[in-house]
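Since the structure comes first, as structure tokens, the remarks are kept for the end.
The values are calculated or read from the model by the stated rules, or taken from the named source; none is laboratory data. On a predicted model such as this, the values are computed, not experimentally measured, just so you know. All Cβ positions, glycine included, derive from the backbone under ideal geometry; neighbour counts span all protein chains shown. All accessible areas refer to the heavy atoms of the entire protein, side chains included, with ligands and DNA or RNA removed. Shrake-Rupley method; radii C 1.70, N 1.55, O 1.52, S 1.80 Å.
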Amino acid sequence: MGSTPEFIYNNVSGHPSPYLYSYTDPVYMFAGKFSVNGFLIKFSQWPDEPNGGGYHDFRNPNSPQSRYFTLYNTIHDKLSDFIPDQTPVVIVSSMKTGLRIYKSDGTYYSVPANSNYGPAYFGYGNDQGHGRRGRSRF
């Protein structure tokens with residue numbers, strides 16, 4: 001699975017807006033060894049869209065957050081509570097799963113959070129008239 005809008009939404013030159021043909025719940029997965037001192041994972045940026053950024057901003061280990069368009073998730077745990085330092089993990093985020101951290105033994109931790117809309121949303125849900133949460137023009 002690609003982690004860019006071009007691969008997830010088949011957004012190519014001349015193609016209609018990816019907002020019109022989006023999946024109900026794309027799953028973003030990132031595997032690796034990460035530092036408890038902080039890191040950033042940017043997984044989308046729509047062309048010419050200032051509110052189109054999608055990322056997990058873990059650069060401040062005491063106050064990690066994520067963003068999907070104009071939705072901001074505030075994570076309640078410190079980074080070291082859910083990412084073991086330099087140990088292989090898989091980070092999975094979607095509307096269905098939330099934000100989960102899978103360890104090599106198959107166990108996972110569901111990261112608690114809330115958003116500027118109330119409950120946390122770790123994904124692009126298509127639940128507002130084929131629009132994106134926080135987008136007023138759709």
With the first residue restricted to region 116-127 and required to be under 14 Å from G98 (Cβ atoms), and the second required to be open to solvent by 50 Å² or more (accessible area, probe 1.4 Å) and modelled with pLDDT of 90 or more, Cβ contacts under 6 Å at 6 or more apart or on different chains are A120/N114
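Per-residue answers, yes or no, for (1) polar (S, T, N, Q); (2) open to solvent by 60 Å² or more (accessible area, probe 1.4 Å); (3) in contact with a strand residue (DSSP E or B) (Cβ under 7 Å, 6 or more places away or on another chain):
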site: F43; (1), (2), (3): no, no, yes
site: N60; (1), (2), (3): yes, yes, no
site: S80; (1), (2), (3): yes, yes, no
site: K96; (1), (2), (3): no, yes, no
site: L99; (1), (2), (3): no, no, yes
Matching residues in region 25-41 - criterion: being modelled with pLDDT under 85 and open to solvent by 30 Å² or more (accessible area, probe 1.4 Å):
D25, V27
Could we say that Y55 is hydroxyl-bearing (S, T, Y) and modelled with pLDDT under 80 here?
no
Neighbours by Cβ (under 7 Å, 6+ apart or cross-chain): first from region 27-50, in a loop (DSSP other than H, G, I, E, B); second of a type in the set (K, R):
G38/R59; F39/R59
Residues in region 51-72 that are in contact with a His (Cβ under 9 Å, 6 or more places away or on another chain) and assigned to a strand (DSSP E or B): how many?
3
Show the residue pairs that are 6+ apart or on different chains and have beta-carbon atoms under 7 Å apart, the first residue being within region 92-108 and of a type in the set (K, R), the second being open to solvent by 100 Å² or more (accessible area, probe 1.4 Å) and in a strand (DSSP E or B).
R100/Y108
